[in-house]
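Computed from the coordinates by the stated procedures, all read-outs in this text should not be read as laboratory data. A quick note: this is a predicted structure, and the numbers were derived from the prediction, not measured. Every residue, glycine as well, gets a Cβ built from its backbone with ideal geometry; the counts of neighbours run over all protein chains shown.
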Amino acid sequence: QVQLVESGGGLVQAGGSLRLSCAVSGRPFSAYVMGWFRQAPGKEREFVAGIMWGEGSTRYADSVKGRFTISRPTAKNTVYLQMNSMKPEDAAVYYCAADRDGWGGTYQNYDYWGQGTQVIVSS
């Protein structure tokens, strides 16, 4: 069981960078997937990036590959999402989430969620 708190959202210029943080409390199992999702107005919540808590393997949505990086530094209770070369279509509320069941689930299958942090991309 974990508790998640996002931070780091804000206003960024197109082409710029932001780093989101997800502070994790509780005792996550090594097989948990920590995921970042985003939701723009009128759209479905979509998967952005994920990382296995213990192993460290990662997955990314095609739309962010090469631009975003998810990480969990060793022995640190924080998951990061580094967002580079940001585009207007990256604007959304970003959520940190945890899935007890590993890879394969949709957002509906994630068990724990943070409160969200808003990212605005200006031009």
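Residues of the range 90-114 with the amide nitrogen closer than 16 Å to a label point 7 Å from the Cα of Glu44, along Cα-to-Cβ, please. Correct set: 104-110.
For the chain, what is the charge dipole size about the Cα centre, in debye to the nearest 20, if Lys and Arg each add +1 at the Cβ and Asp and Glu each add -1 at the Cβ?
Numbers: 12 positive and 10 negative charges, 54 e Å.
Roughly 260 debye for the chain.
Over the chain, what number does the Rg to Rh ratio reach, with both radii from the alpha-carbon atoms and Rh per Kirkwood? Rounded to two decimals, Rg/Rh equals 0.94. Longest stretch of the chain clear of exposed loop sites (trypsin sites (Lys or Arg not before Pro), DSSP loop, at most 16 other Cβ atoms within 10 Å, sites excluded): 1-42.
Mean sequence separation of contacting Cα pairs (under 8 Å, at least six apart), scaled by the length of the chain, corresponds to a relative contact order of 36 percent.
Label-to-label distance, Gln1 versus Thr74, with points set 7 angstrom from Cα along the beta-carbon direction: 3.1 nm. A DSSP coil position with no more than 16 other Cβ atoms inside 10 Å describes the following GluC sites (Glu not before Pro) in the range 39-108: Glu44, Glu55.
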